[in-house]
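A short reminder: the numbers here are calculations on the coordinates, not readings from a lab. Worth saying up front: this structure is predicted, and the values here are computed from it rather than measured. As a convention, Cβ positions derive from the backbone with ideal geometry for all residues, glycine included, and neighbour counts pool all protein chains shown.
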Amino acid sequence: MATELKVLDLSYCGNLRRTPDLSAFKSLEILNLDHCWRLKEIHPSVYYIKTLVHLNICDTYIKDLPKVIGSMEALETLHAGNCLLYRLPDSIGNLACLSELHMDSCILLREIPDSIGKLQSLVKLDLSWTLITKLPESIGNLQNLRKLNIRGAPVTELPSAIGMLAKLYRLDA
């Protein structure tokens, strides 16, 4: 078994519909599923890989992330741009190490849960080209947020809590 495998790059596997059981890959740090256009399901074993730091599901047919994603203790970056996600589970706020969350071009995504405010390590948040109309007030709790991108999203007003983001140096709207 490939127990020492650190990187699994399945990008551009156009016929992949479901990831295989990856529970044997105890050392996996990077899983790239970018441009797996037919991918609709991620095997539940992925969410239990304690060493996974980077997950890329951009340009897939993934519609939903399970609550268990909140148990991915080591996850630092989640790239989910241009997929069919329509919501994020509240458990997303449990990802204590998450520093980058890319949801750009998720054209079905309409809201972000209040639990986003618990992501104390978050530095970059990309919600561009989504259907999000409102940012939660809890966004003001993101004390390490440096970049926020809401360009192309129909946000009608910014929450007053945005002024509490002391480290924010770039806001694209």
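Points to keep in mind about this one:
- Inter-centroid distance (Cα atoms) of segment 21-79 relative to segment 133-148, Å: 24 Å
- Label positions at Lys63 and Arg17, each projected 7 Å from the Cα along the C-beta direction, are separated by 1.4 nm.
- Taking the Cα centre of segment 125-173 as origin and assigning +1 to Lys and Arg Cβ atoms and -1 to Asp and Glu Cβ atoms, the resulting dipole is close to 180 debye.
- Taking label positions 7 Å along the Cα-Cβ direction at both Leu10 and Glu111, the computed distance is 3.2 nm, reported to one decimal.
- Residue separation of Thr133 and Thr156 scaled by 0.36 nm, minus their Cα-Cα distance, works out to 7.7 nm of gained length.
- Across segment 54-71, coupling constants 3J(HN,Hα) worked out from phi with the 6.51/-1.76/1.60 Karplus curve, θ = phi - 60°, read 10, 10, 10, 10, 4, 6, 10, 9, 5, 9, 8, 10, x, 4, 4, 4, x, 8 Hz, and Gly and Pro carry x.
- Surrounding net charge for Leu33, when Lys and Arg each add one and Asp and Glu each subtract one, Cβ distance under 12 Å: 0
- Dipole in debye (nearest 20) - the chain, about Cα centre, beta carbon charges: Lys, Arg +1; Asp, Glu -1: 80 debye
- Neighbourhood net charge (13 Å Cβ-Cβ; Lys/Arg +1, Asp/Glu -1) for Glu100: 0
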